[in-house]
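Below is one structure, written out as structure tokens, with a few remarks after it.
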């Protein structure tokens, strides 16, 4: 019999959470919510005596200073009470920790079926209609994918029963079954694949059938009691062959043509041609590149004794459905990659990148979640995932564009550090061997993430698990990581990898390739609840799990250590050299496949790619006359653009100091409100060496040319780390591609060949810039299919495709953090310099965006020119010649100058006539052109000579001085003051849009 | 003798490494110890002079920050901890550690009752987690061992539940006993008087940290272990320029001084 405990703050205490609910109801929906108070509800589904109930209530769940609680509904005034609880099978993190605490104070292990379910009751006051209460419930408080809702008016409310008893228990009530799949013909197998949502590629089916028909395969299978392939086997093959795991798009064959030009350029694998090849060339020249292109993350040398590891991921589709759950699962998930790299690294940083629709969107389309709500949820997900993992979040980026209404992008990047040697051997090398045990560590397995897409359209019953939308559990994972690092240092880990996409199927399958075989007893895998089929256990993507190989002799010590850290570890099989993946369930074989099957000759995917140049697409520069009056309002409006304005509220919620390593934080300046160019960490506390990390994305440029977009993104990410003082010779890159569907389909994707050409051009630029700047790609991922089908005004559906998006992350060594620089002007009277040439490159700029144009002249990167400048600037920074350094990014020189001024809380006087430029540029272009390769640097009078001498060979000019008042003045080509304002006015404009958000 | 500091770890705590480093850098000897190793008696509290409850999210802070950690320790190590305190040793709780100390009742320890909960650290008025640097002022009249000789310090706060709350009679007692060792302040050290963001969470009386009546148990929300190197300070590149130009103004004192006070005290006391 479950007990329901209600807890709330004492009536005279301010309820901050409730106040924020009421505020959002008013701000987002105009609903007159006067106040809201939050009641935490615990449903204790277990047998407890009255004494036990009372001690649980008072000792754990009620703070005598601030809270009241009762096993009867609390009497709190409301006009509407809205109850929100999880659906069955959704990860209830507080429920799990509550159970731990209860066992602790009762000093006994509770029966395995005992559960605590947490939920909330919101007591809202105000003149609100039922419909409005429903809006608050479904569009602010709950996502019906994972949560259930009950709404009570005063009339509906029974003060003795309250919300009633709701225990969202998973009851599957079925015996697990292995199903054999007949495959008489290609067509019948395809039909089964579609019915079971196996997502087998039709082109792969003949290869699969051929394998199972081979005589020796048939004989060998008969010996273990199998004939036709089982669902476990086909799920395994389907997972391994999926685009997500196998990168079929990037490994595909592209036929690239340019409109109006003869000939077809054939590219056999974008990955091999544009990623692997340049990276291996660069690796051969740069010994600091340690291990790339095969493990969960790339490995680079940090110092003599340590390597750093880095990778980037996206978690788009899940976040688009359930923003909080998707984002927290994404960030917690990417943290397992460095943990599963080499013999395991300790996490030292995470970063974020969000692309969403306009926050104030009120157009005709109805996205799954409104961008505002989506963004709120994503921000909170990354907050809890990062902060509760104890990993600092030194930087991030945000981009608004209507193309992301169809599907949002959530990028998460992770950095780790590991000793160069573990037990005297290189830490980045690992392999499984015959006889080693297969261990699964961390969380348990449920129906999470299985065939997510179909599951989301299933009809829910009261006890159907809704676990396909996951909620990451940073707490369980943090415990596991503490444990694994200790196990690593004791030499207990022979091999480690994470369970992400594809679950055990992928992690065991891949690790078994080293030893050449594996036997798994699937019935040993610990489950969240009974009733999962074998294939579900095998491919479940339940989070917070790692797969390891350990030696038999280390088993006892490994398990002791696991117990000390309160982490569940289970031996589920052993590695062999049989060549087979052999899975059993209670002794009976349910899969018996040659590991070499996946190396069979599966047909390569093929894509037509047809490029049309901007001119061919009819793009041109707008016909504009220049503003006649002051430019001050224009500059203010630029600073207020959604993609340029202050977004301080986001990283302010992210712990960027934990571990004590922070050198350059996400914010710089007098008021710590201006974003830094890059984050810098000092991951080894006893060392002065640092790592800089920066990110850039410029999807707007893709509307003109993805080659230019890619080159500019990479150049920006490079300049960002140069600006803070990183060594240009030790920059690594991580590429994260997010692209709309590129497969050609006359009906479903008529512009597929153009989108494919955009991808090819982007990859070409990637390779060109990598070679020119000497950047190895330490890691990277692709996420295709960034499209959505949104209902419009009349019930029609629109396909909305995102702009082709590349997030490029740079990581770089800072030889001595004490030489780092920041963007803020430091002293009045300092001299202001512009480095690099400004060109007439306003195409897809923020200025054109503001004025309603796209234009044609997208910035073109000149990498050879740039890298020489960057090297020289780096020397000048190391010699202490620069008081401030900031790159010129989106918004151009005008915005860059404003940022350095706002950060230093100092004004400036600048003369645009002095800006180094190419061609006949007007004031607008000088101020807002987004040409790559530029910096704004301030220098003291004392260093003027040395600085100018050091940079004499480059296009560098002194354009003005830092003023000793807050006055901010920019003189134009015709000698009049275009901008005459002060830093306070600019700051107000820059913070106007989101300054009120917390 | 080199004072020994036991730094708690495990169960979602996450500042153990840098806290241990801070003790070592301050001349102490630090050992990171998993809460279960202490409970299982693999490690004995009696071998240490300083016990550090560190920052993090113990048990994910799902049921009130530091609550389950306090329950766990009270039920498994209650007596040992009280003995440790009674022997005159030092206890520091930082952020989540401070939250655990007030839930254990080790703070404020009025009437020498180290088991009673009379103060709380509750949700920030902003309703959200916040990472920001704050200025704090030390109360020179306080018996607090950790803030002795310090006046104004900069440190980051990183919490969602840091608002100090107590009923007025308790607050009065804390003021009377000079147990309010650290308060949020303006940059010049004058009281924040509840102003945001200088007082980042709405704490009553601007309280950032309190000690017990003996001054040997100290809890604070800001993180002294996050300011262990000059480059941790958010304005260090500015301070460097100031130093270069006139060489006069000294950069801010790293907040690791709080930890060093503890090590120095323990060295003399034992």
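Just so it is clear, none of the values below were taken in a lab; they were calculated from the coordinates. The structure presented is a predicted model; accordingly, all values stated were derived computationally and were not measured. Reconstructed Cβ throughout: ideal geometry from the backbone, glycine too, with neighbour counts over all protein chains shown.
Per-peptide packing, taken as the mean over residues of other Cβ atoms within 10 Å, places A:305-311, A:873-879 in the sequence A:305-311, A:873-879 from highest down. Remark: the residue A:977-residue A:199 segment gains 273.7 nm on full extension, using 0.36 nm per residue and subtracting the alpha carbon distance. Averaged over the residues of peptide A:607-615, the number of Cβ atoms from other protein chains lying within 10 Å of each residue's Cβ is 0. Peptide B:212-219 shows a mean partner chain C-beta count of 0 within 10 Å per residue C-beta.
Pairing the Cα long axis of helix A:231-241 with the longest principal axis of chain A, what angle in degrees results, from 0 to 90 and rounded to the nearest 10? That helix lies at roughly 10 degrees to the long axis. Largest first, the three principal axis extents of the alpha carbons in region A:617-762 are 60, 47, 31 Å in whole numbers. Based on C-alpha pairs under 8 angstrom that are at least 6 apart in sequence, chain B has a relative contact order of 19 percent. Centre-to-centre separation between the Cα atoms of region A:263-338 and those of region A:214-228: 39 Å. How big is the antiparallel share of DSSP beta bridges in the protein assembly as shown, given as a percent to the nearest 5? The answer is about 80 percent antiparallel.
Backbone N atoms of region A:643-664 closer than 20 Å to the 7 Å Cα→Cβ label point of residue A:305 belong to residues A:659-662. Site pair residue A:984 and residue A:47 shows an inter-label distance of 7.2 nm when each label is modelled 7 Å from Cα along Cα→Cβ. The separation of region A:691-765 from region A:802-842, counted between C-alpha centres, amounts to 19 Å. Inter-chain Cβ neighbour count for B:10-23, averaged per residue, equals 5 (cutoff 10 Å, partner chain atoms only).
Quick one: compute the contact order of region A:938-987, relative version, from alpha carbon pairs under 8 angstrom and 6+ residues apart, as a percent. Write out the running numbers ahead of the final one.
Values: 27 pairs, mean separation 11.3, N = 50.
It comes to 23 percent, rounded to a whole number.
Which three semi-axes in whole Å describe the equivalent ellipsoid of region A:716-848, each the square root of 5 times a Cα gyration tensor eigenvalue, listed largest first? Write out the running numbers ahead of the final one.
Values: eigenvalues 289, 82, 42 Å².
For region A:716-848, the semi-axes come out at 38, 20, 14 Å.
Judged by the mean number of other Cβ atoms found within 10 Å, the most tightly packed of the peptides A:247-254, A:713-720 leads the ranking A:713-720, A:247-254. Once divided by 2.2 N^0.38 Å, the Cα radius of gyration of the protein assembly as shown becomes 0.92.
Packing around the peptides A:314-325, B:124-135, taken as the average count of other Cβ atoms within 10 Å per residue, puts them in this order, highest first: A:314-325, B:124-135. Relative to the longest principal axis of the Cα atoms of chain A, the long axis of helix A:371-387 lies at roughly 70 degrees.
Once the Cα atoms are used to define both axes, helix A:50-59 deviates from the longest principal axis of chain A by about 10 degrees.
Using the Cβ-Cβ distance between residue A:167 and residue B:2 with R0 = 41 Å, the FRET efficiency computed as 1/(1 + (r/R0)^6) comes to roughly 0.15. Label separation (residue B:244 vs residue A:218): 8.0 nm, computed from points 7 Å beyond Cα along the C-beta direction.
Length gained on full extension, residue A:688 to residue A:630, computed as 0.36 nm times the residue gap minus the Cα-Cα distance: 16.1 nm.
Region A:554-629 and region B:144-192 have Cα centres separated by 51 Å.
Which order do A:401, B:223 fall in if you start with the one that has the fewest other Cβ atoms within 10 Å?
Details: A:401 21, B:223 30.
Taking fewest neighbouring Cβ atoms as first place, the list is A:401, B:223.
Taking the helices alone, the protein assembly as shown has a mean residue ellipticity at 222 nm of -9000 deg cm²/dmol, built from -39,500 (n - 2.57) per DSSP H run of at least 4 residues and averaged over all its residues.
For region A:90-212, what is one quarter of the convex hull surface built on the Cα atoms, given in nm²? Please list the in-between numbers first.
Values: hull surface 57.7 nm².
Dividing the Cα hull surface by four gives the mean projection, 14.4 nm².
Computed extension length for residue A:942-residue A:868: 24.1 nm, one decimal, from 0.36 nm per residue of separation with the Cα-Cα distance subtracted.
Residue B:116 to residue A:606: FRET efficiency via 1/(1 + (r/R0)^6), r the Cβ-Cβ distance, R0 51 Å, to the nearest 0.05? Show your work: numbers first, answer last.
Numbers: r = 74 Å, r/R0 = 1.45.
Once the sixth-power term is evaluated, E becomes 0.10.
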